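Taking it in order: structure first as structure tokens, then the write-up.
The values are calculated or read from the model by the stated rules, or taken from the named source; none is laboratory data. Everything quoted here is computed from the prediction, not taken from an experiment. Every residue, glycine as well, gets a Cβ built from its backbone with ideal geometry; the counts of neighbours run over all protein chains shown. These area figures cover heavy atoms from the full protein model, side chains too; ligands, DNA and RNA do not enter into them. Shrake-Rupley method; radii C 1.70, N 1.55, O 1.52, S 1.80 Å.
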Amino acid sequence: MKDRTTIGVRNRRLCLVLHRLRALSGLSGLEIAAKLGVSSSLISRAESGKRGISRDDLSALLTLYGVDRPARNALLHLHADATSPEMLDRGDLDFRDDLATWSGLDQDATVMHLYEALIVPGLLQTFPYARAAIIAADLGLSEEEVEERVNADIARQSLLRGPSAPHLDIILHEAALHQRVGGAPVMRDQLGYLLEASFRARIEIRIVPAEAGEHAGMGGPFVILDYAELPSLVRLRNKVGTLYLEDQTDVAAYQRAFDSVRAIALAPDRSADLISKIASNMT
């Protein structure tokens, strides 16, 4: 039987945003509780997901934090559907202000385990590569929308900077290195950037060689997000939406798959050698 003792993906996202808003306010939980006339345990439990927060208390918190109307509406939307299952819709993601730069689930992850088969992960893409990949996805976007999407994707790479940056544990299939997204010059630069990233302190890249044969990652790409104080999540993406799995039986299945693929991947130093070799031979 599956474990259903979860806090809900929307509720989890709301908790993380509330935690960040409090940090930005410079106020302690005790100070906020005193201002609102509530117990300090309500604040800590609301931020940890151990206890739900009423709509009235949430509204009072957002007023205290000075959250503007668009972000306020988005957060109230999350609260209204906090107990809904795992799929986040566009309304859940519709933060039309500065909250959009840090209101996602990635920002509070301590470790991100990524498996990709055919494309370099967005966090390590160059601008030309990202643009070519978005155009190739054939989403019916205008030129302006393409540029907006590319700029937003590149801006997310700021996640990798700063003292709280997560550790990236990346497994790429060799096919992603040969896929000439944007043409040979763009791909050479992308591979060079990927090689440089592999030497950063918090990034580990392993390549599954083409001759490895069948493996547990053939079902498609996925991301496992680990947190310091919350259960792990699995993120699955398609062209039109994002699915988060938080049921721990489901998460464990993806963790086993990741470990299985990792076991057949090349070590980081040999992976770096392969990336360099493919880049130098690309004409």
Ordering L141, L58 by the accessible surface of their heavy atoms, 1.4 Å probe, largest first, yields L141, L58
Packing-based order for 174-187, 223-236, 154-167, 113-126, using average beta carbon neighbours within 10 Å, highest first = 113-126, 223-236, 174-187, 154-167
Pop out the carbon and sulfur fraction of the accessible area of the chain as a percent, whole number, probe 1.4 Å.
-> 52
Accessible area in the full protein assembly, largest first, 1.4 Å probe, for T63, T249 | T63, T249
List R270, R149, ordered by accessible area with a 1.4 Å probe, largest first = R270, R149
For the chain the mean separation of alpha carbon contacts under 8 Å (6+ apart) over residue count, i.e. relative contact order in percent, is 21
Estimated FRET transfer efficiency when R0 is 41 angstrom, pair H77-E143 (beta carbons, to 0.05) = 0.85
Take every DSSP beta bridge with both residues inside the chain and express the antiparallel ones as a percent of the total, to the nearest 5.
-> 55
Relative contact order for segment 104-255, counting Cα pairs under 8 Å that sit 6 or more residues apart, in percent | 31
Quick one: accessible area per residue over segment 227-282, 1.4 Å probe, rounded to a whole number of Å²?
-> 53
Nearest-10 value in Å² for the accessible area of D250, using the 1.4 Å probe | 30
Rounded if a/c is under 1.5, else prolate if a/b beats b/c, else oblate: with a ≥ b ≥ c from the C-alpha gyration tensor eigenvalues square-rooted, which is segment 218-283?
-> prolate
Read-out Cα extents along the principal axes in Å, derived from the coordinates shown; its label in (1) 85, 44, 38; (2) 67, 46, 34; (3) 76, 40, 33 | (2)
Would you mind calculating the gained length between F199 and A34 on full extension (0.36 nm times residue separation, minus the Cα-Cα distance), in nm to one decimal?
-> 54.6 nm
